[in-house]
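First the structure, in the form of structure tokens, and then the observations on it.
Here, each number is a calculation from the coordinates, and none is a lab measurement. Predicted model only: the values in this text are computed from it and were never measured. Cβ placement follows ideal geometry from the backbone for every residue including glycine, while neighbour counts extend to all protein chains displayed.
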Amino acid sequence: MRMIAAGLLMLVLNPALGADSASGSWKSTLEPLSAGGWTFISDGPAENPSAVYASSHNVQHNGNVVTAWMRWEYSRAQAEVYPLHYQSAVTHEELDCDARAYRRAAVFYYRQNNLQEKELSLTALDDDTNWKPAIPGTEADAMLNWGCATVTVHHKDDKTGSAKSAAKDAKSSAPDDAPSSAPAPGLDLHTAR
């Protein structure tokens with residue numbers, strides 16, 4: 001009896017302890033949806049437990065920009081798109097590997113987890129078309145780490161004139177003249193990582 005009382009007292013004094021176990025049990029209800037090529041890439045913030053997945057299907061490369069599908073699962077209903085309440089969403093993201101920035105091209109909302117009960121699709125986004133920097137340690141950073149893992153740049157060696165390939169360096173900023181739409185279909189399309 002004392003052990004139960006002590007445990008309850010710990011939860012009252014530190015509710016975050018219970019959130020971790022509730023968050024873990026919530027994630028066990030998520031389905032991998034492997035037919036869509038979904039791979040877990042990140043947990044969301046503790047104050048809003050969530051999980052982010054990336055799809056290896058239909059990833060496109062256009063120079064230093066990778067376009068890919070992301071799946072967002074939430075432990076509780078989200079309401080930032082009034083009056084919609086959703087627990088699952090799929091976004092089509094453009095990832096600038098040089099600038100470590102991203103922007104959203106489309107969003108598809110689902111009322112339930114695991115992409116169940118489609119609610120609304122937004123493909124003409126006004127506020128998400130600007131490049132946003134990916135803050136280290138966030139979901140956006142995880143998207144860029146995943147999407148840019150295979151991107152390389154070709155440099156011309158000044159001394160020999162030969163081309164060589166090097167991993168992307170993340171020191172530049174998002175280009176002002178970056179395309180406003182997703183890369184053209186068929187550009188370096190692949191379905192597996």
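Model label points for K132 and T29, set 7 angstrom from Cα along the Cα-to-Cβ axis, are 2.6 nm apart. How far is the Cα center of region 91-149 from the Cα center of region 51-89, in Å? Answer, in whole Å: 5. Among 114-122, 81-89, 139-147, the peptide with the highest mean count of other Cβ atoms within 10 Å heads the list, and the full ranking is 139-147, 81-89, 114-122.
Using a 10 Å cut-off on Cβ atoms, rank the peptides 66-77, 34-45, 92-103 from the highest mean neighbour count down. Intermediate values should be presented prior to the final figure.
Numbers: 66-77: 20.0, 34-45: 15.1, 92-103: 22.8.
Per-residue mean Cβ counts within 10 Å order the peptides as 92-103, 66-77, 34-45.
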